[in-house]
1. Output the residue which, of all residues in the stretch 364-405 that are under 19 Å from residue 332 (Cβ atoms) and open to solvent by 40 Å² or more (accessible area, probe 1.4 Å), is modelled with the highest pLDDT.
2. Which numbered condition in (1) among the basic types (Lys, Arg); (2) surrounded by 18 or more Cβ atoms within 10 Å (Cβ to Cβ); (3) farther than 21 Å from residue 604 by Cα is the only one that residue 326 fails?
3. State whether one or more residues within the stretch 330-351 are farther than 15 Å from residue 640 by Cα, part of a helix (DSSP H, G or I) and among the acidic types (Asp, Glu).
4. Does residue 366 count as of a type in the set (D, E, K, R) and closer than 16 Å to residue 642 by Cα?
5. Confirm whether residue 507 is closer than 23 Å to residue 436 by Cα, open to solvent by 10 Å² or more (accessible area, probe 1.4 Å) and in contact with a Gly (Cβ under 8 Å, 6 or more places away or on another chain).
6. I'd like the full set of residues that are aromatic (Phe, Trp, Tyr) and part of a helix (DSSP H, G or I), limited to the stretch 485-514.
7. Of the conditions (1) open to solvent by 90 Å² or more (accessible area, probe 1.4 Å); (2) more than 23 Å from residue 145 (Cα to Cα); (3) at pLDDT 85 or above, residue 15 satisfies every one except a single condition; which number is it?
8. Being buried (at least 16 other Cβ atoms within 10 Å of the Cβ), touching a strand residue (DSSP E or B) at 6+ places or on another chain (Cβ under 6 Å) and not small (Gly, Ala, Ser) is the filter here; which residues of the stretch 596-614 pass it?
Amino acid sequence: MKVVKRDGKTVPYDRQKIIVAISKANAEVDEKDRIDDEQIKKIIKRIESTKKERLLIEDIQDKIEEGLVNFNKYELSKAYMLYRYKRALARKANTTDESILSLIKNSNKELAEENSNKSTTLASTQRDYIAGEVSRDLTKRILLPEKISKAHEDGVLHFHDADYFVQPIFNCCLINISDMLDNGTVMNGKMIESPKSFQVACTVMTQIIAAVASNQYGGQSVDVSHLGKYLRKSREKFTKKLTKKYKGELTKKQIDAIVEDRLRDELSAGVQTIQYQINTLMTTNGQSPFVTLFLYIKDGDEYIEENAMIVEEILKQRYEGIKNEKGVYVTPAFPKLIYVLDENNNLTGGKYDYITELAVKCSAKRMYPDYISAKKMRENYEGNVFSPMGCRSFLSPWKDENGNYKFEGRFNQGVVSINLPQIGIVAEGDEDKFWKLFDERLELCKEALMCRHHALLGTSSDISPVHWQYGAIARLKKGEKIDKYLKGGYSTLSLGYIGIYELTKLIKGVSHTTKEGEKFALKVMKHMKEKCAEWKKETGLGFALYGTPAESLCYKFARIDKEKFGTIKDITDKGYYTNSYHVDVREKIDAFSKLKFESQFQPISSGGAISYVEVPNMQHNLEALREVVKFIYDNIQYAEFNTKSDYCHVCGFDGEIQIDDDLNWVCPNCGNKDKTKMNVTRRTCGYLGENFWNVGKTKEIKSRVTHL
């Protein structure tokens with residue numbers, strides 16, 4: 001039997017929903033007015049005896065009311081009708097007024113902190129945020145089943161990006177930049193042919209990035225090795241032109257020297273185009289494109305020498321930084337950089353070690369690049385090395401009809417994250433109770449992920465021509481459905497998770513870095529991975545376990561649980577939960593031990609994983625960074641560096657950000673008070689400025705900051 005919901009969607013009949021609804025009404029009346037389990041079963045049997053293939057949700061509710069009256073439970077019938085009435089009101093109620101008005105007044109602190117890449121004061125981003133608030137409201141009241149909306153509100157799970165769910169667009173992707181550059185593309189109804197030079201290729205690539213970012217809500221990644229071909233085209237063009245012009249006047253050696261100078265100039269200008277366009281372009285949602293550049297100098301690549309030049313230039317320009325409005329060189333937020341370590345550049349005498357040395361210097365000064373070990377990645381992904389999507393989630397290996405692995409042109413349909421510590425709190429240390437509750441909540445996450453999948457089914461390629469018709473993902477015809485790219489594992493649905501450390505403390509009483517805790521933590525991780533495999537087999541969809549890099553979610557879950565369960569030592573008292581499988585920041589552990597310990601979790605979390613180490617005063621610890629980079633190659637797939645230094649993006653100040661008498665973060669060098677333009681690294685220990693702003697005593701706040 002199928003049930004037709006109010007929005008017209010058809011879902012499988014589920015008797016448990018009837019039991020829950022009647023139980024809620026039962027709880028609202030005196031014991032004498034309640035019905036027992038046998039009577040509930042009789043009502044359900046009466047509904048099921050209709051033997052109709054399809055029932056309207058209203059018809060089911062009417063039959064429940066009739067059944068209650070037949071049992072002479074008039075008070076209960078009234079309570080159930082009231083329950084229905086409240087649900088109807090909730091569906092119709094507008095919940096956006098306050099949030100939108102606070103956004104316009106720039107007093108919505110939650111939104112201001114949510115995305116440092118989007119300023120809530122700009123008209124363009126305010127429009128996007130307003131649309132997002134409407135989307136959240138519709139998602140909560142109408143688009144999602146009530147139990148999932150409630151689970152999201154209660155911190156049982158997090159339904160990511162509800163501010164975009166009302167539209168049939170997806171999360172993040174790997175742009176098929178090779179196809180778009182080699183075969184041309186179309187933007188805004190205008191044909192863009194394959195470039196004839198490196199600088200034009202760089203310009204076209206940034207225009208593609210902006211167009212893609214405007215029609216999805218997550219990050220995107222681009223493999224810059226596809227630009228090597230166009231740098232060679234520029235070399236050949238310069239050589240041909242100069243040889244024709246100066247044949248007989250200049251020797252080949254002299255012509256080659258001029259060509260090299262011109263090529264270096266074009267290389268510099270092209271990379272500068274990428275850097276400045278990405279940081280100055282605004283997408284239609286009012287922000288810079290969330291883009292990652294994948295830097296891989298791959299042995300056997302036809303254009304390896306050109307690609308080595310491109311990677312070197314990208315790192316040089318990132319090391320220099322980009323000028324802000326005051327003319328000071330600062331670290332740009334984008335593009336994010338990921339540098340691949342392989343046999344030819346792992347600092348053990350490889351041909352391209354000099355580029356890795358530059359990458360280490362760049363990390364010390366600018367925090368990027370992140371590092372991927374090609375050696376470890378091949379072990380984890382069937383011999384393949386490829387970029388994560390902009391949001392650090394990885395795709396599962398997938399082969400086309402010819403048996404060839406394909407990663408570019410694929411994407412993520414969306415993410416739902418589970419709150420592991422909350423399960424541990426509710427289980428009260430009972431491991432059997434934990435596993436039972438864990439499975440129940442995983443099924444809820446699966447249902448939420450299926451909502452994401454069903455929301456995309458039936459979408460026409462016309463929704464985003466740059467994605468679906470002109471090469472970023474596919475080259476479908478106008479009006480053609482995208483459904484085949486949602487199935488068979490071509491795209492992924494990600495199960496995120498927060499708080500392995502806290503969960504282990506709650507159930508085992510020890511950290512997951514102990515032998516007993518480690519065994520339990522790995523068992524939990526493997527169970528989630530097995531569930532994803534089970535769901536994939538059941539549905540034919542690409543479920544994947546994703547170590548969610550959602551720092552704000554660590555605070556949100558912890559805040560909800562503290563309000564609900566109170567202060568719990570080492571759990572809710574910190575103000576944050578530990579991200580995914582990471583070691584808690586308060587544990588004393590050296591960088592090498594941390595990476596080695598966390599490396600065992602990354603292959604399990606194959607849908608996305610990253611580890612980081614903190615190095616104080618990185619510019620004065622280059623040798624230490626070099627040793628960690630060498631260690632990464634042999635021991636862990638994906639890692640990045642962090643620093644304990646504060647940083648102001650307005651003036652480049654690299655010191656301690658202060659708090660003024662009005663309780664605002666302030667740069668002591670330039671006076672910047674815009675939190676979106678500074679790094680306050682004390683947040684890595686769980687400190688969030690606004691947590692203590694209401695204390696009202698400046699000295700007390702300053703002392704707490706100093707302590708942390």
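1. Among those that are under 19 Å from residue 332 (Cβ atoms) and open to solvent by 40 Å² or more (accessible area, probe 1.4 Å), it is 365.
2. (2)
3. The answer is no; no qualifying residue exists.
4. Details: of a type in the set (D, E, K, R): yes; closer than 16 Å to residue 642 by Cα: yes.
Judged against the criteria, residue 366 is a match.
5. Judged against the criteria, residue 507 is a match.
6. Answer for the stretch 485-514, where residues must be aromatic (Phe, Trp, Tyr) and part of a helix (DSSP H, G or I): 485, 501.
7. (2)
8. 598, 610, 612
The values are calculated or read from the model by the stated rules, or taken from the named source; none is laboratory data. These figures come from a predicted structure and were not determined experimentally. We place every Cβ from the backbone using ideal geometry, glycine too, and count neighbours over all the protein chains shown. What goes into the accessible areas is simple: the full protein's heavy atoms, side chains included, and nothing from ligands, DNA or RNA. Shrake-Rupley method; radii C 1.70, N 1.55, O 1.52, S 1.80 Å.
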